[in-house]
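Any read-out appearing in this document is the output of simple, stated calculations on the displayed coordinates, not a laboratory observation. In this text, all values refer to a predicted model and were calculated from it rather than measured experimentally. Cβ placement follows ideal geometry from the backbone for every residue including glycine, while neighbour counts extend to all protein chains displayed.
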Amino acid sequence: MNRIYMDHAATTPVRPEVLEAMLPYFNTEFGNPSSVYSWGRSARKALDSARDLVAELLGASASEIVFTAGGSEGANMAVKGVAWADQGRGKHIITSAIEHHAVLDTVLWLEKQGFEVTVLPVDEFGSVSPAQVREALRPDTILVSIMHANNEVGTIQPISEIGAIVREHGAKFHTDAVQTAGVLELDVQALNVDLLSISAHKFYGPKGVGALYVRKGVRLHPLVHGGAQEKGRRAGTENTAGIVGMAKALELAQAERVDENARLTKMRDRLIQGLQKIPHTRVNGSLEQRLPNNVNVCFEFIEGESMLLNLDLRGIAASSGSACTSGSLDPSHVLLAMGLSHEIAHGSLRLTLGRDNTEADVDVVLQEVPGIVERLRAMSPLYQG
Ligand SMILES: *Cc1c(COP(=O)(O)O)cnc(C)c1O
């Protein structure tokens, strides 16, 4: 059976060019970048080049890049780091209801530690309104964290506009750009952000490595203590191979993104149009401000989980809600925040396209899904036909 992977928002395969760039740093050039002899110097050189490259691709300078162990760590480091460093100035934090749990749970944990939190609602398309951010800002607001694009429904947020409002106020602004790195232009100046987190495995790099942009002058309390690495912002021997791989993956993705986005958008729209023909189906997220690879629909009278199992039997990998929430019976917090009922939110299907997908894959999915929907509905006591 031909396997079709359409869950690129969950993770992506490492590109061959990326793997090749990484390999020497596992053995021949295995030195600790902090060591003075040649092995160490070679690793240090690779690390420095990777930092220069990531900085350049984000419109930042090298000293503003902190390497992390991925998107979750980057979000934790940004949110806790600023909260702890700036709590003398105030204890109010603003975020949105559709953030990835890496941000949302971190902010809610800080609330238990005595911080005050405003969780902004979103509209039916999953958009955060800049006007609502402005209204929520208080004299004691120290941090605003709003994601660049949502991982479930693909809605792209007006980050640059929100950033300008937050900057005028003086609070720090973090954006979780894990879904947009390698997809959209990521220029930290144009985006008006103070902190921005990315994760390599979402753009064909290795898992467990990421980067956090920290604007010069932004104070950050470290999450991990114990060494002077990353200018004291994150202790621990650097993941040289992973970091080299991330820089290579980001470079390739940014170079190819315009052509690749055009290809993905075509497939995305064909999928959306095809799935919309199934009765009692709604498309989730914005149709205009949308990631080029994201398809998210709800089929009424169906459990998303059953849909996933049926697709898997046909070799198709998809998602319902997000990878972290499947396995739990709660419907997606993102779909609920957009105003969907529990019943409808339960029937969500997310297909996220990537480099390995072709128009033929789209044909197969459009061939398989209607029949699965029909069979599952036939078993539903609620469905009247
Ligand atoms: C995947 C993802 C994360 C978490 O990144 P990890 O590297 O898996 O920890 C955070 N935010 C968003 C939007 C994501 O899609």
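Some observations on this one:
- Percent of beta bridges antiparallel (DSSP, the chain, rounded to nearest 5): 50 percent
- Separation between Cα centres of the range 161-212 and the range 257-291, rounded to whole Å: 24 Å
- Cleavage-rule hits (GluC sites (Glu not before Pro)) in the range 161-191: DSSP loop, at most 14 neighbouring Cβ within 10 angstrom: Glu185
- Separation in nanometres of the label points that stand 7 Å from Cα toward Cβ, at Leu336 and Thr237: 4.4 nm
- Ordering Ser96, Ser380, Ser306, Ser197 by the number of other Cβ atoms within 10 Å of each residue's own Cβ, fewest first, gives Ser380, Ser306, Ser96, Ser197.
- Net charge contributed by nearby residues that have their C-beta within less than 13 Å of Leu336 (K/R +1, D/E -1): -4
- Relative contact order (%) - the chain, alpha-carbon pairs under 8 angstrom, separation at least six: 22 percent
- Loop-located chymotrypsin sites (Phe, Trp or Tyr not before Pro) in the range 35-124 (DSSP state not H, G, I, E or B) with no more than 13 neighbouring Cβ atoms inside 10 Å: Tyr37.
- Of Lys112/Lys207; Lys80/Lys266; Lys112/Lys216; Lys172/Lys231, pairs whose Cα-Cα distance is over 28 Å: Lys112/Lys207; Lys80/Lys266; Lys112/Lys216
- Helix 101-112 vs. the chain, principal-axis angle (Cα, 0 to 90°, nearest 10): 70 degrees
- Where labels lie 7 Å past Cα in the beta-carbon direction, separation of Lys216 and Asp140 in nm: 3.4 nm
- Shape category assigned to the chain from the gyration tensor of Cα positions, a/c cut at 1.5: oblate
- Counted charge near Asn192, where neighbours are those whose Cβ lies closer than 13 Å (Asp, Glu -1; Lys, Arg +1): -1
- The range 246-317: trypsin sites (Lys or Arg not before Pro) in DSSP loop, at most 12 other beta carbons within 10 Å: Lys277
- Sum of side-chain charges, Leu353 neighbourhood, beta-carbon under 13 Å (Lys, Arg +1; Asp, Glu -1): +1
- Each of Asn27, Leu137, His101 was scored by the projection of its Cα onto the charge dipole of the range 16-252, and the greatest displacement toward the positive side belongs to Asn27; charges sit on the C-beta of Lys, Arg, Asp and Glu.
- Between helix 240-276 and the chain: long-axis angle, C-alpha atoms, 0 to 90°, nearest 10: 20 degrees
- Compared with the alpha-carbon gap, the fully stretched path from His169 to Arg3 is longer by 54.7 nm at 0.36 nm per residue.
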